[in-house]
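This report concerns only the one structure given below.
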Amino acid sequence: MASPDVLARVTALRQELERYNYAYYVLDQQIVPDAEYDRLFRELQALEAEYPEFVTLDSPTRRVGGKQLVGFEVVHHAVPMLSIRTETDTEASGAQAFDARVRRELGLGANDPPVEYAAELKFDGLAINLRYEHGLLLQATTRGDGETGEDVTRNILKVHSIPLRLNTGSPPVVLEVRGEVFMRRDDFERYNAKQREAGKPTLVNPRNGAAGSIRQLDPAMAAQRPLSFFTYGLGEVQGWKNAPVTHGAALDALEKLGMPVCGERITGLGAAALIAFHDDIAARRDSLPFDIDGVVYKVNRFELQRELGFVTREPRWAVAHKYPAQEQLTTLLGIDIQVGRTGALTPVARLAPVFVGGVTVTNATLHNQDEIDRKDVRVGDTVIVRRAGDVIPEVVAAVIERRPDPAPPRFDILQAYPACPECGSHVVRLEGESAARCTGGLYCPAQRKQALLHFAGRRAMDIEGLGDKLVDQLVERSLVHTPAEVYELSLDTLAGLERMAEKSATNLIAAIGTSKTTTLARFIFALGIRNVGETTAKDLSQHFGSLDKLIAATEAGLLAVRDVGPIVAQSIIQFFAEPHNLEVVNKLRAAGVHWTENTGMQQSSGILAGKTLVLTGSLPTLTRDAAKAKIEAAGGKVAGSVSKKTDYVVAGEEAGSKLAKAQELGVPVLDEPGLLALLAPNNHNEQHRLDL
Ligand code: IVH
């Protein structure tokens, strides 16, 4: 290739990849299949290897590889990175105190207009300064002591939402963007679940996950931990045309430049706006996708910020207003065992009561034996308890320095509980499983209780009023053995139970009656088949349309359902192979539990089941997503690249290399009418008849 052509191609590839990257990491939208992204990425890598003169600092390839050979280099901050005063009062009055202070310092009287503020979240991670010169990311540093930090550029490159180049044709000469690197809760949970499964150490909390990854010397390690970034301010700025004059406008401008900025922020007048923001976020704190430890209030106008200045290392124009902590220390009093719906024995920490994440916690999960071993948690230890979001409280670590002397013994589930504490059945730990399990099945009252609670749950049969206490009594008094017996309960029986007034018994009977009219998806979910959650239940219902078809399904038939793999398929087959379970299902139907059935997608699933199709170019009427949905609804898979295993290539206008590849490999090529014909009803009826 001639040089100008290479340069043009390399530039085009970078722009395209950066666009996909931004969509994926900042906007949360995947607009190309992974395979296509990889292909473009490799093409760029190959060109850069061949023509090193075209390597640039904003190339997405800069994010891969790289070794930090020695320690981090120390960097002097052009503008010190300050800390922020914390308003210790967790009540709304914290905002009033801040406003009163600001007004006093500005010499404002009672009759002067309210001050304009910006309010945003206090992210819980690691503060980072990103230095862009002429629009290019040159250096990323930690806060350090505020005067000097460490150069962590290589690790920061692994945070994909941080742009390598600012999105503007006329970038400021120097623009330092400050913000927080953090880990989302779902990324944290997923990472820990994976580590737990692999028997590897887990992260204590998202903050340590973020801070630990960035301070890792090995960028490859950092790359494995999914990190995010939010911008909250500026450092050194030089040559920024039409530079914003308020904090709020600065964040808007940074967002336009491609920086990730959190949407949860406001500007408003006076303490009232701050209080409203504080309370709004407090109410939604648990449902945010990441941890915060409070909110931050800032005087909005930079001019006023300058006027207010600093005391020691803290600006007078900003304050952090905290929420109750999500981690606390307490004592581990004992380890109890809870038997779950599937018989798993879960160790539960009994704790000295402690106020954490807004509630008093006395129990927290220890997950399983491996986790106890890894964290080396022992009865009598001082432990860190964490409660964040709607997740159940968890013991994250033992404080070994505070361990009693002599050290208490290690805790071993199988040794402590050779028999199930609920039913006396054997406890086993199967090869490759982290859980110890009771072998009692539905003989075990604990498993029966959990099965009933699950059955009656809001997302299952939704029987309002059939909660914990009642299920305990029903099982303990042997009134209910299987979910089917719920429908045999009489008003008299219920009214005779503890804490059951006539009125609530009547209501419950009514709720049980109402629950008989349900949907197939709810019913399947309610059965409590192992590995079949709500989403899978919906997929199964949609696919089969009728319970009997599901019961009769073969492994191959089950595998044709979206997202059903061999483990789920086996669980379903095993469940319906058990005569007891079929009996319960039949009793439920006999009791009048019903739903509307349909023919499902089973016939059409036969047509493209097991077939792999590749889409290329634009089709005359169908969007890419629509074509994909149709193929998947017919049981087919859509792949990103053509191989010998591809069954059909569906090609539209401007089809490129994939079409050529198909022709080279002799893979049949269809146009849109061809695809539709393949999916057409008369075609599939024929196919269906052949199946019979
Ligand atoms: S502003 C001069 N805004 O809190 C003010 N800081 O104690 C500088 N932080 O090290 C900070 N979210 O890591 C600011 N929205 C936010 C923040 C925030 C988290 C962290 C930051 C800083 C610490 C200050």
Quiz item: Taking interchain pairs and intrachain pairs at least six residues apart, which have beta carbon atoms under 9 angstrom, with the first residue in the stretch 309-336 and closer than 30 Å to residue 417 by Cα and small (Gly, Ala, Ser) and the second assigned to a loop (DSSP other than H, G, I, E, B) and open to solvent by 50 Å² or more (accessible area, probe 1.4 Å)?
Solution: 334/379
Quiz prompt | Counted residues, the stretch 273-323 - those being open to solvent by less than 20 Å² (accessible area, probe 1.4 Å), under 24 Å from the mean Cα position of the chain (by Cα), within 12 Å of the ligand (Cβ to nearest atom) and not hydrophobic (A, V, I, L, M, F, W, C) | solution = 2
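Which of the residues that make up the stretch 156-204 are of a type in the set (Lys, Arg) and within 28 Å of residue 242 (Cα to Cα)? Walk me through how you get there before you give the answer.
Of all residues in the stretch 156-204, those of a type in the set (Lys, Arg) come to 158, 165, 178, 184-185, 190, 194, 196, 200.
Of everything in the stretch 156-204, those that are of a type in the set (Lys, Arg) and within 28 Å of residue 242 (Cα to Cα) turn out to be 165, 178.
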Practice problem: Scan the stretch 225-272 residue by residue and report those that are within 16 Å of the ligand (Cβ to nearest atom), aliphatic (A, V, I, L, M), in a helix (DSSP H, G or I) and in contact with a helix residue (DSSP H, G or I) (Cβ under 9 Å, 6 or more places away or on another chain). | Solution: 250
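Give the residues of the stretch 473-516 that are assigned to a helix (DSSP H, G or I) and over 27 Å from residue 586 (Cβ atoms), sorted by residue number. Can you show your working first?
Restricting attention to the stretch 473-516, the residues satisfying the condition of being assigned to a helix (DSSP H, G or I) are 473-476, 483-488, 491-495, 502-515.
Within the stretch 473-516, 495, 502, 503, 504, 505, 506, 507 qualify.
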Quiz item: Inside the stretch 467-492, can you point out the residues that are in contact with a Lys or Arg (Cβ under 9 Å, 6 or more places away or on another chain) and polar (S, T, N, Q)?
Solution: 473, 482
Self-check item: Long-range neighbours under 6 Å by Cβ, at least six apart or interchain, first residue under 23 Å from residue 294 (Cα atoms) within the stretch 348-372, second open to solvent by 10 Å² or more (accessible area, probe 1.4 Å) and assigned to a strand (DSSP E or B)
Solution: 354/328; 354/330; 356/328; 360/353; 361/354
Quiz item: All but one of (1) in a loop (DSSP other than H, G, I, E, B); (2) within 16 Å of the ligand (Cβ to nearest atom) hold for residue 114; which doesn't?
Solution: (2)
Practice problem: For residues that are among the charged types (D, E, K, R) and within 22 Å of the chain's Cα centre (by Cα), scanning just the stretch 197-253, find the one that is modelled with the lowest pLDDT. | Solution: 197
Self-check item: Candidates 476, 498, filtered to the one that is surrounded by fewer than 17 Cβ atoms within 10 Å (Cβ to Cβ), without any contact (Cβ under 8 Å) to a residue 40 or more places away in the chain and within 30 Å of residue 576 (Cα to Cα)
Solution: 476
Self-check item: Of the criteria (1) closer than 28 Å to residue 582 by Cβ; (2) at pLDDT 90 or above; (3) surrounded by 13 or more Cβ atoms within 10 Å (Cβ to Cβ); (4) under 34 Å from the mean Cα position of the chain (by Cα), which one residue 465 fails
Solution: (1)
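Can you spot a residue in the stretch 446-454 that is of a type in the set (Gly, Ala, Ser) and more than 18 Å from residue 515 (Cα to Cα)? Working first, answer last.
To start, the set of residues in the stretch 446-454 that are of a type in the set (Gly, Ala, Ser) comprises 446, 451.
If we keep only those that are more than 18 Å from residue 515 (Cα to Cα) too, we end up with 446.
Within the stretch 446-454, one or more residues are of a type in the set (Gly, Ala, Ser) and more than 18 Å from residue 515 (Cα to Cα).
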Quiz item: Of all residues in the stretch 519-562, which are of a type in the set (S, T, N, Q) and open to solvent by 20 Å² or more (accessible area, probe 1.4 Å)?
Solution: 519, 531, 535, 536, 541, 542, 554
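Residue-wise test of (1) away from the ligand (no atom under 16 Å from the Cβ); (2) at pLDDT 85 or above; (3) open to solvent by 50 Å² or more (accessible area, probe 1.4 Å); (4) assigned to a loop (DSSP other than H, G, I, E, B).
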site	(1), (2), (3), (4)
41	yes, yes, no, no
44	yes, yes, no, no
66	yes, no, no, yes
78	no, yes, yes, yes
86	no, no, yes, no
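Among the residues of the stretch 140-154, which ones are within 16 Å of the ligand (Cβ to nearest atom), open to solvent by 20 Å² or more (accessible area, probe 1.4 Å) and either outside any strand (DSSP E or B) or closer than 17 Å to residue 234 by Cα (or both)?
Filtering the stretch 140-154 for residues within 16 Å of the ligand (Cβ to nearest atom) gives 140-150, 152.
So of that shortlist, the ones also open to solvent by 20 Å² or more (accessible area, probe 1.4 Å) come out as 143-145, 147-148, 150.
Scanning the stretch 140-154 gives 143, 144, 145, 147, 148.
Let me confirm something: among 376, 405, 412, which residue is surrounded by fewer than 15 Cβ atoms within 10 Å (Cβ to Cβ), modelled with pLDDT of 90 or more and under 29 Å from the mean Cα position of the chain (by Cα)? Let's see the steps before the verdict.
Numbers: 405 fails: under 29 Å from the mean Cα position of the chain (by Cα); 412 fails: under 29 Å from the mean Cα position of the chain (by Cα).
So the residue among 376, 405, 412 that is surrounded by fewer than 15 Cβ atoms within 10 Å (Cβ to Cβ), modelled with pLDDT of 90 or more and under 29 Å from the mean Cα position of the chain (by Cα) is 376.
Please go through the stretch 355-373 and give me each residue that is assigned to a strand (DSSP E or B) and either under 26 Å from residue 430 (Cβ atoms) or open to solvent by 20 Å² or more (accessible area, probe 1.4 Å) (or both), ordered by number. Quick ask: steps written out before the conclusion?
To start, the set of residues in the stretch 355-373 that are assigned to a strand (DSSP E or B) comprises 355-356, 359-365.
Of everything in the stretch 355-373, those that are assigned to a strand (DSSP E or B) and either under 26 Å from residue 430 (Cβ atoms) or open to solvent by 20 Å² or more (accessible area, probe 1.4 Å) (or both) turn out to be 355, 359, 360, 362, 363, 364, 365.
Pick from the stretch 160-195 the residues that are among the charged types (D, E, K, R) and more than 25 Å from residue 18 (Cα to Cα): which of them is nearest to the ligand (Cβ to nearest atom)? Talk me through it step by step, then tell me what you get.
Of the residues in the stretch 160-195, the ones among the charged types (D, E, K, R) are 165, 176, 178, 180, 184-187, 189-190, 194.
Subsequent filtering for residues that are more than 25 Å from residue 18 (Cα to Cα) retains 185, 189-190, 194.
Numbers: 185: 16, 189: 22, 190: 23, 194: 27 Å.
Per the stated criteria, the residue is 185.
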Quiz prompt | Among residues of the stretch 91-111, those that are open to solvent by less than 60 Å² (accessible area, probe 1.4 Å), more than 16 Å from the ligand (Cβ to nearest atom) and either touching a Pro at 6+ places or on another chain (Cβ under 6 Å) or in a helix (DSSP H, G or I) (or both), counted | solution = 5
Quiz item: Among the listed residues 121, 136, 126, 157, which satisfies the condition of being touching a residue at least 12 places away in the same chain (Cβ under 8 Å), more than 14 Å from the ligand (Cβ to nearest atom), crowded, with 20+ Cβ neighbours inside 10 Å and at negative phi?
Solution: 157
Exercise. Answer with yes or no whether residue 585 is crowded, with 18+ Cβ neighbours inside 10 Å and assigned to a loop (DSSP other than H, G, I, E, B).
Key: no
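The values are calculated or read from the model by the stated rules, or taken from the named source; none is laboratory data. Everything numeric in this text was worked out from a predicted model, so none of it was measured. Note: ideal-geometry Cβ built from the backbone for every residue, glycine included; neighbour counts use all protein chains shown. Side chains are part of the model used for accessible areas, which takes the heavy atoms of the whole protein and leaves out ligands, DNA and RNA. Shrake-Rupley method; radii C 1.70, N 1.55, O 1.52, S 1.80 Å.
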